[in-house]
Every structure is written in structure tokens, then in C-alpha cells.
Amino acid sequence: MNPFNLEIEKLKQKALDIRRDIITLLIESQSGHSGGPLSCTDMATALYFNILNHDPQNPGNPQRDLNFFSIGHVSPLIYSLLAESGYFPLKDLLSFRKMEGHLEGHPNCLHTPGIEVSAGSLGQGLSIACGTAYGIKMDRTERRVYCIMGDGEQQEGSIWEAVMFSAHYKLDNLCGIIDYNHRQIDGETEDVMDISPLTEKYWSFGWNVYEINGHDMNEIVGALKAANDCKGKPSIIIGHTEMGKGVSFMEGLAEWHGKPPKPDQGEKALAELGTTYAEWSERLRNG
Amino acid sequence: MGEMKKTRVGFGHGLVDAGEKNKNVVVLVGDLRDSTNVNFFAEKFPERFIEVGIAEQNMANVAAGLSLTGKIPFFTTYGAFATCRCLDMLRVTICYSNLNVKIGGAHGGISVGPDGATHQALEEISILRSLPNMKIIVPCDYFETRKATLAAIDIDGPLYIRFGRENVPVVTDKDTPFEFGKGVVYRDGGDIAILACGVMLYEALEAAHELERDGIDTRVINIHTVKPIDETIIIKAASECGAIVTAEEHQVYGGFGSAVAEVIAKNNPVPMEFIGVQDSFGRSGPPEELMKAYHLKAKDIIGAVKRVLKRK
């Protein structure tokens with residue numbers, strides 16, 4: 001049971017808050033990634049606030065579902081999700097990437113509650129999720145395992161080793177989510193190293209595939225719930241998204257993969273998101 | 001030479017011991033079931049055995065994921081692949097997260113023989129020593145490998161056990177104590193100390209026996225735990241013997257000898273010599289001939305002792 005179980009409209013509001021968190025903490029840190037966290041926000045929000053059976057007050061709850069972010073660089077999103085869920089105070093977000101805080105540039109599970117495994121080197125999360133899903137099957141329990149991946153990391157060979165493994169062992173308690181924003185550091189995935197057709201690839205490896213609009217909350221929740229009911233094979237949700245979603249001057253631009261907004265750009269972004277740096281940083285400081 | 005047994009069989013039997021002792025022990029292999037001797041475990045506990053196929057990177061992280069469900073996974077393949085191919089997984093996922101993953105590194109050393117350099121792991125200690133949280137055991141024979149494998153399940157965090165392919169002399173017995181992290185003096189002496197790990201312990205004992213005829217009183221110490229290394233026994237050997245020779249079936253750069261040298265340099269600098277593979281790849285050949293060709297025999301240790309004693 002998800003501890004929040006937010007309805008669609010409240011999920012949309014939570015996603016908006018998380019986008020505000022992301023921009024605010026990036027203004028504060030002046031270091032970190034903007035594009036991926038914003039493109040992945042809606043799917044991750046639906047997972048953490050409607051689907052995932054997690055326990056922010058007891059992160060190691062042995063009955064919990066597990067989610068692995070294979071894309072450690074979306075840490076602004078990850079930390080916002082965890083703080084908004086109650087794993088740690090919102091004010092911690094203002095210490096992102098700073099020596100005095102516990103929020104590393106890429107997440108460290110030994111420092112930050114709610115992180116299952118440290119991440120930062122791409123292509124590793126799905127294998128970890130496979131191992132956990134396999135272990136849960138050995139225990140004959142009903143816990144589920146999720147893995148949020150990027151599109152660019154589908155270029156890593158180890159992903160496909162894991163894709164093969166999970167279908168071979170019929171890990172139907174495993175659900176992958178791909179943030180398919182078609183952008184990576186060096187440009188468009190189609191130009192850097194084309195990963196398409198992803199649906200056909202996963203399908204041919206024996207997976208159950210959902211291809212959705214990764215910004216449509218109804219489609220996201222629908223796919224996540226449908227995946228829960230799929231038996232005999234793992235599921236993948238391929239969410240078509242837009243890099244930098246929600247901030248007009250970032251949308252669709254690969255250049256926003258790995259940089260933060262400058263303070264004036266950040267203020268402009270927050271205005272588009274219906275707030276100001278003063279207002280939102282105050283909310284975080286008091287949270 | 002007395003009884004000969006394979007250390008990989010010791011690993012295989014040790015896994016069965018561990019599986020009997022703890023139901024959370026799980027074994028993974030990458031298409032090398034028989035040659036790593038995890039077949040014993042697979043036959044005894046098929047429900048806890050996972051074949052991953054030829055996908056070592058995936059295997060390392062599947063083991064990482066299993067550890068999050070309370071399992072104690074041993075992932076097993078040849079040491080060359082376990083360390084070099086899986087290094088990013090070992091570094092970022094397993095060691096950085098300090099996960100309870102055990103690694104069985106088969107085919108350690110040049111004594112792998114005819115398969116040649118690609119399969120003769122000579123770098124594992126150098127590579128793994130640089131990873132925080134990683135522990136390394138290099139047992140000397142069948143019995144010590146078996147005991148180290150069983151002991152590993154009670155040591156939290158990432159741990160690597162290195163073992164070989166061929167029959168090697170048995171120098172311990174089933175009752176010899178094994179204590180993780182503690183070196184063991186196998187022969188006392190005050191003129192020179194030979195510190196060895198793995199199969200080189202036997203060569204060190206042979207060398208000490210020969211040196212006795214020349215009136216050189218030789219201490220031989222088995223350092224089965226290379227990380228964390230037993231600093232106390234090393235410092236004591238340096239201060240009481242005044243010179244040290246290290247012996248490993250491994251590259252000398254960054255390996256066991258380097259680990260000893262770090263302790264010596266920091267605490268009590270004395271002359272040292274390093275027996276090991278001297279910055280070269282291996283090659284195909286009969287194991288015993290390779291050990292001679294790469295200067296890993298007792299006579300090579302004797303030469304090193306005589307050289308270092310002149311600098312004492």
C-alpha cells in the first residue's frame with residue numbers, strides 16, 4: 001500500500017512542487033543536472049505517491065517495495081521525492097552537493113535515507129533490480145521492484161544482460177521505467193547512438209511493454225497498475241517525455257542535461273512554475 | 001612433496017559448508033559451474049544456485065541486488081573477469097554501497113597453465129586493494145580455502161577469495177585454525193622473514209628448509225588475509241628479523257608485497273625483496289614450468305633472501 005495514495009489531480013500538484021524543488025535546489029547548488037530530473041518528474045511522482053509500497057519513517061522496512069534509480073544524475077529529482085515523502089527534512093535539499101549536507105551529487109545509500117543502492121555509473125540499476133526481484137521470489141513474498149532508467153543508458157551492454165536475465169527467470173515482480181526524452185549529453189539519442197525501436201527490443205526479449213506519454217498522469221498510473229497485474233514476465237514502461245519539461249527554455253534541449261540554471265534563469269523557471277526563489281526556498285528552509 | 005589438492009575444490013566444499021550453516025547463502029556463476037567447482041553447491045542446493053550465463057557484469061549486480069534481500073551471495077567466475085570486467089560494478093555498486101557480496105575468484109595466478117595469459121589472473125590484489133570496503137583473502141591450500149569460504153559468510157561487506165586451478169601442496173589440515181585478518185607464523189626464525197600468500201607459502205617453507213642448511217634462520221609467515229593486512233605481525237617480523245622477502249603468485253606492482261611494503265615503510269623500514277610476476281603477462285605452458293619461468297619457485301625465494309641479507 002502506498003502511504004500517500006494521491007489522486008490524479010493531487011499527483012499533478014505534487015509533481016509541480018517537485019519541479020519547484022528541483023529548480024530551487026539547483027539555484028542554491030549552482031551544480032547538477034536539470035533536464036533529466038524535470039523530464040522524469042511525472043513518472044517518478046506517480047510511483048512514489050501512488051504506487052510504491054514504501055515507508056519513509058522506516059526506510060529499511062522489510063516488507064517494502066524497492067525502487068532503484070539507475071540514473072543517479074537525476075539526484076535533484078530523487079532527493080526531492082524523498083524529502084517530499086518524509087525521508088528527511090525539506091531543508092536538507094538546500095545542501096545539495098555541499099560538504100555540510102548528506103546529498104551527494106550522485107546518491108550514496110550510506111548517507112541518505114531512502115536510497116537503496118548508490119548510483120552514478122550508468123547501466124547498472126536494472127541488474128541490481130533483477131537480483132532483488134529474484135531474491136524476493138526466493139522468499140515467496142509479494143514485494144515489487146522498480147527500476148527507473150534513462151534512455152541514453154540503454155546504450156550500455158549490461159542493461160541488455162539484465163533484460164535477458166529477467167525474462168529468463170520470469171521476474172514478473174520487476175517493472176522497469178524508461179524516461180525516453182530522446183536527449184543525452186552529446187545530443188539526440190537518434191544521432192548519438194540510436195536506441196530505437198525500444199518497444200520492439202524489449203518485446204523481443206520477452207518483456208511486457210507499455211509505451212505511454214510520460215507526462216500524462218492518467219496514462220502513467222494506468223501503466224504502473226497494469227504492470228502489477230502482469231504475470232510470467234517482467235514489464236517495462238517506456239515513457240515518452242521531454243527534457244526539461246515544465247521550463248520553456250529548457251524543454252527539448254540536450255544542453256540542459258548536465259547544467260543548473262544560473263540564478264536569473266532559475267528565477268525565470270520558477271516564475272513559469274508559479275513561484276519565486278524567495279517563496280520556495282523559504283518553504284524548503286522551514287520544511 | 002606430500003598431499004596435493006586443488007584450492008578450487010576447497011572453495012566448492014567451503015560453499016557447501018556455508019550453505020549448510022546459513023540458508024541465506026546463494027551462489028551465482030557465469031557459465032563456469034564445473035571449473036570453479038560451484039557444482040558441489042549446485043547439486044546440494046539447486047534452489048539457491050543461480051546460473052547467470054556469460055554476463056559477468058550483470059552477475060555482479062544481480063549479487064548486489066540479492067544482498068538487499070538478506071541473501072549472502074557468492075558470485076563466481078575466473079578472477080580475471082571478476083575483477084577486470086566487473087570493476088565498475090565492484091566499485092560503484094558493491095563497495096561504495098558496502099554491500100554484503102562475496103566474490104569467488106577462480107584461476108588466480110600463472111599456475112592456471114595452458115589457457116595462457118587471458119585466463120591467468122595476476123592483477124586482482126592490486127585492483128581490489130584500492131577499493132574501500134573490499135576485503136581480500138588469498139588462501140594457501142585446499143583446507144584454508146575451504147575454511148576461508150565458510151568464514152566469509154560471517155564477515156560483513158564485500159569480500160574476495162582468490163583460488164587456483166591446479167593441484168597444489170597441502171600445508172594445513174582440517175584442524176588448523178583460520179582467523180580472518182590474522183597472519184600465522186609457520187616457522188620461527190630471526191635472520192630473515194618470508195611473508196607469503198596463497199600457494200607461495202609452500203615455496204616459502206621449502207626455501208626456509210634449504211636456507212637452514214646454510215645456517216640462515218628463517219621465519220615464514222602466512223598472510224592469508226591481504227586486506228585488511230595484519231600490520232602487527234609484519235612490524236614484529238621487521239623489527240625482529242631486520243629484512244623481509246614477500247612472495248606472491250601475482251603482479252608485484254600494487255600486490256601483496258606492496259601491501260607489506262606500505263606497512264614496513266610507515267613503521268619500521270628494513271630491506272625488502274619482492275617475489276612475484278615482474279610486470280609481464282603470463283603465457284601458455286605446464287603450470288610447474290611456468291612457475292619456474294616466472295621465478296616463483298623456492299630457489300627464487302632463496303636468491304631473494306641472499307640478496308636482501310646483504311643489504312641488512
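The values are calculated or read from the model by the stated rules, or taken from the named source; none is laboratory data. Quick caveat, the model's predicted, so the values are computed rather than measured. Every residue, glycine among them, receives a Cβ derived from its backbone with ideal geometry; neighbour counts consider all protein chains shown. When the accessible area is computed, the model is the full protein with side chains, heavy atoms only, and any ligands, DNA or RNA have been set aside. Shrake-Rupley method; radii C 1.70, N 1.55, O 1.52, S 1.80 Å.
I'd like the full set of residues that are within 11 Å of chain B (Cβ to nearest Cβ) and open to solvent by less than 10 Å² (accessible area, probe 1.4 Å), limited to region A:95-116.
Answer for region A:95-116, where residues must be within 11 Å of chain B (Cβ to nearest Cβ) and open to solvent by less than 10 Å² (accessible area, probe 1.4 Å): A:PRO107, A:ASN108.
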(request) Identify the residue in region A:256-276 that is open to solvent by 70 Å² or more (accessible area, probe 1.4 Å) and either in a loop (DSSP other than H, G, I, E, B) or out of contact with any helix residue (DSSP H, G or I) (no Cβ under 6 Å at 6 or more places or on another chain) (or both) and, among all such residues, is nearest to A:ILE185 (Cα to Cα). (result) A:LYS259
(request) Note down all Cβ pairs under 8 Å where the first residue falls in region A:1-27 and is farther than 18 Å from A:MET243 by Cα, the second is among the basic types (Lys, Arg) and surrounded by 15 or more Cβ atoms within 10 Å (Cβ to Cβ), and they're at least six residues apart or on different chains. (result) A:LEU6/A:LYS14
(request) For region A:130-158, enumerate the residues that are at the interface with chain B (Cβ under 9 Å from one of its Cβ atoms), open to solvent by less than 30 Å² (accessible area, probe 1.4 Å) and aliphatic (A, V, I, L, M). (result) A:ALA133, A:ILE136, A:VAL145
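Yes/no per residue for (1) in a loop (DSSP other than H, G, I, E, B); (2) in contact with a Gly (Cβ under 8 Å, 6 or more places away or on another chain); (3) open to solvent by 10 Å² or more (accessible area, probe 1.4 Å):
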site	(1), (2), (3)
B:ASP17	no, no, yes
B:GLU20	no, no, yes
B:LEU32	yes, no, yes
B:GLU43	no, no, yes
B:ILE54	yes, yes, yes
B:VAL62	no, yes, no
B:LEU66	no, yes, no
B:GLY70	yes, yes, yes
(request) Return the residue satisfying two criteria in turn: it lies in region A:55-84 and is more than 14 Å from chain B (Cβ to nearest Cβ), open to solvent by 10 Å² or more (accessible area, probe 1.4 Å) and in contact with a Phe, Trp or Tyr (Cβ under 9 Å, 6 or more places away or on another chain), and of such residues it is nearest to A:THR41 (Cα to Cα). (result) A:GLU84
(message) Any residue at all in region A:229-241 that's over 22 Å from the mean Cα position of the chain (by Cα), in a helix (DSSP H, G or I) and loosely packed, with under 14 Cβ neighbours inside 10 Å?
(response) no
(message) I'd like to verify a number: residues in region A:107-134 that are in a loop (DSSP other than H, G, I, E, B) and of a type in the set (Phe, Trp, Tyr), how many?
(response) 0
(message) If I ask for residues that are open to solvent by less than 30 Å² (accessible area, probe 1.4 Å) and not small (Gly, Ala, Ser), which ones from region B:303-312 would you list?
(response) B:VAL305, B:VAL308
(message) Out of B:ILE221, B:ILE161, B:ILE155, B:ILE229, I need the residue that is surrounded by 18 or more Cβ atoms within 10 Å (Cβ to Cβ), over 13 Å from the mean Cα position of the chain (by Cα), within 28 Å of B:GLU123 (Cβ to Cβ) and touching a residue at least 12 places away in the same chain (Cβ under 8 Å). Which one?
(response) B:ILE221
(request) Could you list all residues from region A:202-219 that are touching a residue at least 12 places away in the same chain (Cβ under 8 Å) and closer than 19 Å to A:LEU171 by Cβ? (result) A:TYR202, A:PHE205, A:GLY206, A:TRP207, A:ASN208, A:VAL209, A:TYR210
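A:ALA167 - would you say it is among the aliphatic types (A, V, I, L, M), over 28 Å from A:SER31 (Cβ atoms) and either open to solvent by less than 40 Å² (accessible area, probe 1.4 Å) or within 11 Å of another protein chain (Cβ to nearest Cβ) (or both)?
Yes.
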(request) Exactly one condition in (1) within 16 Å of B:GLY65 (Cβ to Cβ); (2) in contact with a Phe, Trp or Tyr (Cβ under 9 Å, 6 or more places away or on another chain); (3) not acidic (Asp, Glu) is not met by A:LYS201; state its number. (result) (1)
(request) Taking A:ILE178 as meeting all but one of (1) of a type in the set (Val, Ile, Thr); (2) in contact with a helix residue (DSSP H, G or I) (Cβ under 8 Å, 6 or more places away or on another chain); (3) open to solvent by 10 Å² or more (accessible area, probe 1.4 Å), write down the number of the exception. (result) (3)
(message) Can you confirm whether B:GLU262 is surrounded by fewer than 24 Cβ atoms within 10 Å (Cβ to Cβ) and not basic (Lys, Arg)?
(response) yes
(message) Just to be sure before I move on: is B:ASP115 away from every other protein chain (no Cβ under 14 Å), more than 17 Å from B:GLY14 (Cβ to Cβ) and part of a loop (DSSP other than H, G, I, E, B) in the structure I sent?
(response) yes
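Among what's in region B:176-212 and is open to solvent by 60 Å² or more (accessible area, probe 1.4 Å) and out of contact with any helix residue (DSSP H, G or I) (no Cβ under 9 Å at 6 or more places or on another chain), pick the residue that is farthest from B:PRO139 (Cα to Cα). Before the answer, list the steps.
Initially, region B:176-212 is screened for residues open to solvent by 60 Å² or more (accessible area, probe 1.4 Å), giving B:177, B:179, B:182, B:185-186, B:188, B:206, B:209-210, B:212.
Those left that are additionally out of contact with any helix residue (DSSP H, G or I) (no Cβ under 9 Å at 6 or more places or on another chain): B:188, B:212.
Working: B:ASP188: 20, B:GLU212: 25 Å.
By that ranking, first place goes to B:GLU212.
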(message) Just to verify a result, which residue in region A:193-220, among those that are assigned to a helix (DSSP H, G or I) and acidic (Asp, Glu), is surrounded by the fewest Cβ atoms within 10 Å (Cβ to Cβ)?
(response) A:GLU200
(message) What's the total number of residues in region A:254-287 that are farther than 14 Å from A:LEU26 by Cα and touching a residue at least 24 places away in the same chain (Cβ under 8 Å)?
(response) 9
(message) Condition first: buried (at least 23 other Cβ atoms within 10 Å of the Cβ) and either more than 10 Å from every other protein chain (Cβ to nearest Cβ) or not in a helix (DSSP H, G or I) (or both). Now tell me which residues in region B:82-95 satisfy that.
(response) B:ALA82, B:THR83, B:CYS86, B:LEU90
(request) Look through B:ASP188, B:ASP175, B:ASP154, B:ASP141 and report the one residue that is farther than 21 Å from B:GLN278 by Cα, among the acidic types (Asp, Glu) and assigned by TED's automatic domain parsing to the domain that holds B:ALA304. (result) B:ASP188
(message) Going by what's in this entry, would B:CYS241 be described as open to solvent by less than 30 Å² (accessible area, probe 1.4 Å) and either of a type in the set (S, T, N, Q) or within 18 Å of the chain's Cα centre (by Cα) (or both)?
(response) no
(request) State which residue pairs qualify: first residue in the same structural domain as B:ALA82 (by TED's automatic domain parsing) and of a type in the set (Gly, Ala, Ser) and inside region B:26-50, second residue surrounded by fewer than 20 Cβ atoms within 10 Å (Cβ to Cβ) and assigned to a strand (DSSP E or B) in any location, beta carbons under 9 Å apart, and separation of 6 or more residues or different chains. (result) B:GLY30/B:GLU51; B:ALA42/B:PHE49; B:ALA42/B:GLU51
